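**Q** Right, I'll just put the structure down here and ask away after.
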Amino acid sequence: MTDAPLEVTDDPRRELAEFLRTRRTRLRPQDVGLEPGPRRRVAGLRREELALLAGVSSDYYQRMEQGRDVRPSDQVLDALARALNFSAEESRHLHSLAAAARTPARRPRRHAPEVVPPTTLRLLRTMPAPAVVIGRFLDVLAWSPLAGALLGEFTQRPQMERNLLSLLLHPEADQACPERAATVAELTAMLRTQVAADPGHPRAVELVGELAVRSDEFATLWARHDVEETTRGRMRVNHPLVGELNLDWDAYPMPGASGPMLIVYTAEEGGPDDERLQLLAGLLDAPGPASASAQQRSPDTPAGPA
């Protein structure tokens, strides 16, 4: 276990500082055309080296990494992103953090529970493909019948434990998900992106603290400050009834305000994975929780505020 639990900071300047520091220390001098030199005592680039590459003063950049009250322009942020070889997702994350750091502190706001509309539940009941509705912080809010068959006993867990990261950080998850470690890293990066948009959210604070105390793996990944957007990917799972399934997934924003996402899993038509999915669908006629229609947490005990 970790020696001390991680916290979700509600100070955007500190979050911006930590993000820049982790990205600077992972970049080697030779990656940006600099000579590494014989006596380097720091990992990655020095602050003054990054400042030189980005065309800003060393003092200004140092104040950014110290979390002091600086308000970098979009031009400065773009220069830092280029110097650090940022991906598109990392660049957007950098601008979001800087925008939050420039915004005066707001009074705490009320967070309403995440709710899946009845029309979406009806859609799930009719979907032949596995589909789930995922909350902002990876809570599983609802699922189609075939997704319930894939999730198995997970659907019977207490509502507060129906979280994708919580599921994959379970000691036995390697048996069902051969690429579990890579998936956990991907989901942690997705969670980081969502938390940055609302760092003081009660569910975010609760979830990150809980997972960090429970899992050294998560604590290490969270400290890396990796970010990734929820768009599409691939999942490999070993199902006890039909064997290995290799599925593609795509995420679709729900209509209205930002928040829950609809994620649909598919297999190439006519391929072996499609055949196994069809076999699993045929088993849904048997009584049991997997054969129920689209499920959702009870409105009396929501999994967390939205």
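**Q** Does the stretch 219-275 come out rounded, prolate or oblate, given a ≥ b ≥ c as the square roots of the eigenvalues of its C-alpha gyration tensor, rounded meaning a/c under 1.5 and, failing that, prolate meaning a/b above b/c?
**A** Oblate.
**Q** Now for a separate question. Report the gain in length on full extension from L241 to E206: 0.36 nm times residue separation, minus Cα-Cα distance, nm rounded to one decimal.
**A** 9.1 nm
**Q** If we count every other residue with Cβ under 15 angstrom of V227's Cβ, Lys/Arg +1 and Asp/Glu -1, where does the sum land?
**A** The answer is -2.
**Q** So what J values fall out for the stretch 162-172 if you push phi through Karplus, 6.51 cos²θ - 1.76 cosθ + 1.60 with θ = phi - 60°, rounded to Hz, Gly and Pro as x?
**A** In residue order, the calculated couplings are 7, 10, 4, 5, 4, 4, 7, 8, 5, x, 8 Hz.
**Q** Applying 1/(1 + (r/R0)^6) with R0 = 45 Å to the Cβ-Cβ distance of E161 and V32, what FRET efficiency is obtained, to the nearest 0.05?
**A** Calculated transfer efficiency: 0.55.
**Q** Continuing with this model, one more query. Probe radius 1.4 Å, ligands and nucleic acids ignored: give me the carbon and sulfur share of the accessible area of the stretch 48-111 as a rounded percent.
**A** Carbon and sulfur atoms account for 47 percent of the accessible area of the stretch 48-111.
**Q** Here's something else I'd like to know. Using a 1.4 angstrom probe on heavy atoms only, work out the carbon and sulfur share of the accessible area of the stretch 182-275 in %.
**A** Percent of accessible area from carbon and sulfur atoms in the stretch 182-275: 54.
**Q** Here's something else I'd like to know. Under a plain spin-label model, where a point goes 7 Å from the Cα along Cα-to-Cβ, how far apart in nm are D174 and A88?
**A** Taking the simple label geometry, D174 and A88 are separated by 3.6 nm.
**Q** Loop-only GluC sites (Glu not before Pro) in the stretch 132-208, please: DSSP not H, G, I, E or B, and at most 10 other Cβ atoms within 10 Å.
**A** Sparse-neighbourhood loop GluC sites (Glu not before Pro): E172.
**Q** Let me ask something else. How do the peptides 145-152, 247-254, 219-226 rank, highest first, by the average count of neighbouring beta carbon atoms within 10 Å per residue?
**A** Ranked from most to least packed, the peptides come out as 145-152, 219-226, 247-254.
**Q** Let me ask another. If you take the square roots of the eigenvalues of the alpha-carbon gyration tensor of the stretch 149-207 and sort them as a ≥ b ≥ c, do you get rounded (a/c under 1.5), prolate (a/b over b/c) or oblate?
**A** oblate
**Q** Right, here's the next one. Can you give me the accessible area per residue for the stretch 61-149, using a 1.4 Å probe, in Å²?
**A** 49
**Q** Take the Cβ-Cβ distance between E18 and E269 as r, set R0 to 45 Å, and report the resulting FRET efficiency rounded to the nearest 0.05.
**A** 0.50
**Q** Amide H to amide H, which residues 5 or more places from W143 or on other chains are under 5 Å from it, using H placed in the peptide plane?
**A** V133, Q295
The values are calculated or read from the model by the stated rules, or taken from the named source; none is laboratory data. Keep in mind it's a predicted model, so treat the numbers as computed, not measured. Virtual Cβ from ideal backbone geometry, glycine too; neighbours counted across all protein chains shown. Note: areas computed on protein heavy atoms with side chains; ligands, DNA, RNA excluded. Shrake-Rupley method; radii C 1.70, N 1.55, O 1.52, S 1.80 Å.
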